[in-house]
Every structure is written in C-alpha cells, then in structure tokens.
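These notes concern the structure reproduced below.
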Amino acid sequence: MAVDDGRKTVVCVVGTRPEAIKMAPVVMALREENSLNVVLLATGQHSQMLYQALEPFGLSPDHDLKVMKERQSLDYVTSSVLCGVGEFFDEIRPNVVLVHGDTTTTMASALAAFYRHIPVAHVEAGLRSGDMSRPFPEEMNRVVTDRISSLYFAPTGKSKDNLLREGIGEERIWVTGNTVIDALIWMRDKMARPSREDLMAFEGKRFLLVTAHRRESWGEPMREIALALRDILSMDEDLMLLVPMHRNPDVRAVWREVLGDHDRVLLCDPLDYPDFVWAMDKCLFMLSDSGGVQEEASGLKKPVLILRDVTERPEVLEAGVGFLVGTSRERIVSNALEILEGRKALPASMGSPFGDGRASRLIAEVICKFVNNPIFI
Ligand code: UD1
Ligand code: UDP
C-alpha cells in the first residue's frame with residue numbers, strides 16, 4: 001500500500017455504514033487522479049454493514065482493523081481505533097488523511113493523524129446541533145475533529161458559517177455540497193427494481209419506510225417510536241411498513257417486541273444501498289433519526305419525519321422536506337396523519353440544499369492540489 005514512485009499517499013478512513021456510502025464517491029473521484037496513491041482503510045467499527053455499503057460501489061477496503069464487537073462500548077471503539085489507525089499510519093506514512101462525518105472512527109482517526117502531524121481533511125465538516133448530548137456522542141466527535149483538521153469540506157453555507165464562527169480560516173474551507181447526493185445520483189442511475197424477493201410485496205403499495213438507531217433513543221424512546229407506528233397502522237387499513245433494522249441487537253429487540261407480529265410490517269435486515277434507494281423513492285414518506293436519510297430525503301423531495309428533538313441539518317427543515325417530531329408517540333402519530341390525510345405542506349420543487357452531485361470531484365481536486373503543492377493553503 002505504501003508506494004515509492006513519487007506519488008502522494010492519501011488515506012481515506014471509514015468505519016460505519018454512512019461513512020462508507022458518503023466516502024465511496026470521494027474514493028472513486030480520488031482514484032481518477034493519477035498523481036495519488038489512494039488507500040481505503042476500514043476500522044471495522046461496523047462489520048457487515050460496512051462491507052454491505054461499500055460493495056454496490058465496487059469498493060473493498062485495502063486494510064481492515066476489524067474492531068467491531070457485539071454491544072461494543074464507546075471506550076473500546078475509541079481506544080482500538082486510535083491505536084490501530086495510529087499503527088497503520090506509522091507504516092504507511094500518508095501525506096493527508098480524509099475522515100468523514102461524526103462517528104467514533106472519524107474522531108479517533110483524526111486524533112491518530114493529529115498525533116503524527118499528518119494533515120486531516122474533514123469531509124462533511126461544520127455540522128452543529130449546538131447540544132453536546134444530542135446527538136450523542138456525535139456532536140463532540142464533530143467539534144473535536146474540526147478543531148484538529150487542516151482542510152474542511154463543508155456541505156452547505158450554514159456549515160461553513162459554523163466553522164467561521166469557531167475561528168477556522170476561510171482559506172481552509174470549501175463548500176462542496178454533501179457527497180451523499182453524489183452517491184444517491186450514482187446509485188439511482190443504476191437501479192431498476194429491488195433485488196430482494198420480500199420487497200416485491202411493496203411494489204405499487206402504500207408504505208412507509210422507517211429507520212432508527214440513535215444512541216440517545218435506545219430504550220424507552222425507541223419503544224415510543226414503535227408504538228406510534230403501530231397506532232398509525234391501526235388508523236390506515238391498507239398502509240404497510242418497511243423497517244430495515246439496524247444490526248444493533250438492543251434496537252432490534254424493541255422492533256420485534258412491538259411490531260414483530262403485525263401482518264403489514266416487514267422487519268428485515270439492513271437493505272443494500274440500491275434497494276434502500278428504491279424504497280426511499282417508492283414510499284409515501286419516511287420516518288427516521290438518520291442523518292444521511294434526512295439529506296437523501298431532500299435529494300429525492302420525499303417527506304421525512306425526523307425522530308429527534310434537534311437536527312444539525314436545518315437545511316432539511318428549510319427545504320420543507322423534513323419535520324422535527326422527536327420520539328413522542330402522540331406527536332409522531334399526529335404528524336404522520338397530517339401527511340397521510342394531505343394536511344401538511346409538502347416540498348416545493350426546489351433544488352437540494354446539499355448540492356448537485358459534484359461534491360466528490362471538487363474534494364478530489366482540492367486534495368490533489370494540496371498534496372502536490374505545499375504552499376497551497
Ligand atoms: C454508529 C455511530 C453513529 C452512526 C451509526 C451509523 C458512533 C459512536 N456511532 O452507531 O454515529 O450514526 O454508527 O449506523 O460512532 N452491529 C453489528 N453489525 C454491524 C454494525 C453494528 O452487529 O455491521 C452491532 C454490534 O453489536 C455493535 C452495535 O451494533 O456493537 C453498535 O455499533 P456502533 O458502531 O458502536 O454504534 P451504532 O449505533 O451503529
Ligand atoms: N441505508 C442503507 N440501508 C438501510 C438503511 C440505511 O443503505 O437499510 C443508508 C441510507 O440510505 C443512508 C445511510 O445508510 O445513506 C444512513 O446510515 P445510518 O442511518 O446508519 O447512519 P446516520 O446517517 O444516522 O449516521
């Protein structure tokens with residue numbers, strides 16, 4: 001993986017499903033630059049879900065630290081990523097390290113690079129909820145990563161403003177759009193029908209698509225969400241529910257307990273990205289606490305009830321696509337009924353606030369200039 005041919009080495013680190021999907025187009029764009037040796041490092045914070053997310057893009061990691069354990073703790077993931085990534089950097093000596101977003105992999109990998117004076121480029125920089133406990137621990141991960149990065153790829157003008165407010169120099173920030181839109185467009189162009197037999201039951205049907213996994217919703221809030229979904233089904237007789245369940249065993253237990261016996265609900269394993277894009281496109285609307293799904297909703301002009309109390313993606317609310325409903329059973333039900341009964345104003349046909357699918361190309365151009373010209377910034 002280390003090369004001795006004069007090319008500069010760029011390491012892209014991914015650990016979880018959303019990092020894989022959003023970093024994939026960046027890796028593909030970087031690999032078009034002949035002057036770069038691009039290494040894809042997986043921490044393996046997620047095992048199955050990481051490979052599942054990379055595979056549709058034709059990517060597989062050059063190296064995998066395989067850290068995942070069932071019911072892993074934050075301390076465990078942080079320390080194993082920090083040590084494992086650090087050792088890998090010592091061996092490979094990258095010229096720049098790209099990290100994405102706000103996971104433990106993101107923050108610990110940025111820290112390992114910082115300890116070695118290796119410049120960090122943060123993709124999806126500058127998102128802020130303003131509340132360290134929501135999302136937890138992602139808000140802290142973003143703040144720490146941005147504090148120690150050298151290059152900032154901010155998806156929107158608002159995220160750039162957050163960075164400027166924290167004293168980051170404007171010459172280090174590029175507003176690129178979000179690379180999830182690049183991934184979405186790339187996948188939508190290739191997709192026709194779902195690959196899974198059990199999804200065919202949803203073709204031409206009225207259905208809602210649901211995902212939820214946030215740490216601050218584990219336990220009772222997740223139960224409230226599941227109960228609200230059961231209520232919604234009881235009020236609409238031909239409505240169906242598609243729930244691709246996160247692999248976290250505690251999250252799954254709640255879905256199974258509350259919705260497992262319902263004949264209009266499919267609780268299934270996480271969908272491959274092409275199938276999930278198909279489901280987002282065909283459903284009536286989504287209910288989700290996922291960051292990526294909020295952005296994809298705005299790319300697809302599909303309403304999303306955001307199962308959280310705060311969002312670091314205010315653009316989704318402004319675009320009229322997303323509605324912040326939290327985890328209260330009553331509030332979820334009343335908002336869902338408003339959409340189902342046509343009483344909620346839905347998105348106008350404006351462009352996505354997260355760009356037009358060219359973010360990754362722009363990032364690759366900046367990285368190329370940066371590593372080949374030390375006086376660039
Ligand atoms: C992590 C990120 C979160 C991100 C989410 C995307 C942190 C602290 N959290 O949360 O920011 O939004 O990923 O999904 O970085 N598991 C499997 N197989 C898999 C993946 C997970 O079995 O492929 C199970 C394991 O039991 C694991 C548990 O899920 O211990 C939790 O995984 P972890 O990465 O620690 O937290 P997430 O909730 O997935
Ligand atoms: N996704 C997927 N299959 C699924 C559920 C989600 O491919 O069954 C994709 C989704 O399109 C989005 C990403 O996974 O791009 C979001 O990941 P997740 O919700 O795990 O993390 P978050 O965005 O909340 O950090």
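The values are calculated or read from the model by the stated rules, or taken from the named source; none is laboratory data. All values reported here derive from a predicted model rather than from experimental measurement. In this analysis, Cβ positions are derived from the backbone assuming ideal geometry, glycine residues included, and neighbour counts consider all displayed protein chains. In case anyone asks, the SASA skips ligands and DNA or RNA and just uses the protein heavy atoms, side chains included. Shrake-Rupley method; radii C 1.70, N 1.55, O 1.52, S 1.80 Å.
Descriptive notes on the structure:
- Antiparallel DSSP beta bridges within the chain, percent to nearest 5: 0 percent
- Cβ-derived FRET efficiency at R0 35 Å, Lys344 paired with Glu220, nearest 0.05: 0.85
- Segment 122-144 and segment 243-257 have Cα centres separated by 25 Å.
- Note on Ile148 and Ala201: the model spin-label points, each 7 Å out from Cα along the C-beta direction, lie 4.8 nm apart.
- Each of the peptides 284-296, 72-84 was scored by the mean count of other Cβ atoms within 10 Å over its residues; in descending order, highest first, they stand as 284-296, 72-84.
- 3J(HN,Hα) along segment 262-275, derived from phi through the Karplus expression 6.51 cos²θ - 1.76 cosθ + 1.60 where θ = phi - 60°, amounts to 8, 7, 10, 10, 10, 8, 9, 5, x, 7, 4, 4, x, 5 Hz, with x in place of Gly and Pro.
- Seen against the Cα atoms of the chain and their longest principal axis, helix 179-190 is set at about 60 degrees.
- Percent accessible area from carbon and sulfur atoms, segment 235-377, protein chains only, probe 1.4 Å: 49 percent
- With protein chains left intact and a 1.4 Å probe, residues in the chain average 40 Å² of accessible area per residue.
- Take each peptide in 109-115, 197-203, 242-248, 265-271, count the other Cβ atoms within 10 Å of every residue, and average; sorted highest first, the result is 109-115, 242-248, 265-271, 197-203.
- Listed by chain and number, the lysines whose C-alpha is less than 24 Å from the C-alpha of Lys22, apart from same-chain residues fewer than 8 away, are Lys8, Lys66, Lys69, Lys158, Lys160, Lys190, Lys282, Lys301, Lys302, Lys369.
- Coupling constants for segment 245-260 follow from the phi torsions by the Karplus curve (6.51 cos²θ - 1.76 cosθ + 1.60, θ = phi - 60°), and in residue order they are 7, 3, 7, 4, x, 6, 5, 4, 4, 5, 4, 5, 5, 8, 10, x Hz; glycine and proline get x.
- Principal-axis tilt of helix 359-372 within the chain, Cα atoms, nearest 10 degrees: 10 degrees
- Rolling a 1.4 Å probe over the protein heavy atoms of segment 54-190, with every protein chain left in place, gives an accessible area that is 49 percent carbon and sulfur.
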